[in-house]
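Undergrad: Can you keep this structure in mind? I'll have questions shortly.
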């Protein structure tokens, strides 16, 4: 979902509970220009090295082609997604 010209991709997030089969259930639906492109989950299980970080549980569209790191906050995740949605 590339941006046209110098128009930046509008990335919005909506909180949602995600059934991951673990305590990691705080999630965000991620939309780019109104289309679902990812589901993020906050790592809350104490065994995770990155506890509190956000993980891309599901990537859709152009994001599938890019291995995602974990993100310290949602702003960092948004910047990463915008960069890879432009490509």
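The values are calculated or read from the model by the stated rules, or taken from the named source; none is laboratory data. Since this is a predicted model, take the numbers as computed values, not measurements. Cβ coordinates were reconstructed from backbone atoms using ideal geometry, including for glycine residues, and neighbour counts include every protein chain displayed.
Undergrad: What residue, among those in the range 41-56 that are part of a strand (DSSP E or B) and out of contact with any helix residue (DSSP H, G or I) (no Cβ under 6 Å at 6 or more places or on another chain), is farthest from residue 9 (Cα to Cα)?
TA: Among residues in the range 41-56 that are part of a strand (DSSP E or B) and out of contact with any helix residue (DSSP H, G or I) (no Cβ under 6 Å at 6 or more places or on another chain), the one farthest from residue 9 (Cα to Cα) is 42.
Undergrad: What number of residues within the range 9-31 satisfy the criterion of being part of a strand (DSSP E or B) and modelled with pLDDT under 95?
TA: Going through the range 9-31 one residue at a time, the tally reaches 1.
Listed here are the residues, each with its yes/no results for (1) surrounded by 13 or more Cβ atoms within 10 Å (Cβ to Cβ); (2) at pLDDT 90 or above.
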residue: 6; (1), (2): no, no
residue: 41; (1), (2): yes, yes
residue: 47; (1), (2): no, no
residue: 53; (1), (2): yes, yes
residue: 75; (1), (2): no, yes
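Undergrad: Out of all the residues in the range 66-78, which are out of contact with any helix residue (DSSP H, G or I) (no Cβ under 8 Å at 6 or more places or on another chain) and either farther than 15 Å from residue 37 by Cα or without any contact (Cβ under 8 Å) to a residue 60 or more places away in the chain (or both)?
TA: Across the range 66-78, the qualifying residues are 67, 70, 72, 73, 75, 76, 77.
Undergrad: Of all residues in the range 57-72 being assigned to a helix (DSSP H, G or I) and at negative phi, which is surrounded by the fewest Cβ atoms within 10 Å (Cβ to Cβ)?
TA: Checked the range 57-72; the qualifying residue surrounded by the fewest Cβ atoms within 10 Å (Cβ to Cβ) is 65.
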